[in-house]
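The values are calculated or read from the model by the stated rules, or taken from the named source; none is laboratory data. For clarity, every value in this text was computed on a predicted model and none was experimentally measured. For neighbour counting, all protein chains shown are included, and Cβ atoms are generated from backbone atoms with ideal geometry for every residue, glycine included.
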Amino acid sequence: MHGPALSADAGTAARQSRELLESRTNVPQGDQVRMMPAVIDSVDLTGAPKRLALGSDACSMIFELLTNRLPAPESQKEIAL
């Protein structure tokens, strides 16, 4: 059970995950044969990655989200230094 969707989540990975779960049509994209060894191998890594980009659109989605976050700390650089 979960609460109502938040308008702040519109267009985010969180909203996409929610919609996917609610649709109950969770058909993984990408090559699961290649993805699963990457997931399993990442468990044993020292300093494992915070994000493991799996699937056809994961890399571009992560890159876009992180790039969009850069302006906030950049605008505060003069204050911090």
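List of remarks:
- On inspection, Ile40 qualifies as in a helix (DSSP H, G or I) and more than 17 Å from the chain's Cα centre (by Cα).
- Criterion applied to Arg15, Arg34, Arg51 was being part of a loop (DSSP other than H, G, I, E, B) and not aromatic (Phe, Trp, Tyr), and the one residue passing it is Arg51.
- Cross-chain or 6+ apart pairs with Cβ under 8 Å, the range 58-69 first and under 19 Å from Asp31 (Cα atoms) and touching a residue at least 24 places away in the same chain (Cβ under 8 Å), then surrounded by fewer than 10 Cβ atoms within 10 Å (Cβ to Cβ) and of a type in the set (A, V, I, L, M, F, W, C): none
- Restricting the range 51-76 to residues that are among the charged types (D, E, K, R) and at pLDDT 80 or above, the residue that is farthest from the chain's Cα centre (by Cα): Arg69
- Scan of the range 11-33 for residues that are within 15 Å of Asp57 (Cβ to Cβ) and modelled with pLDDT of 75 or more, ordered by number: Gly11, Thr12, Ala13, Arg15, Gln16, Ser17, Glu19, Leu20, Asp31
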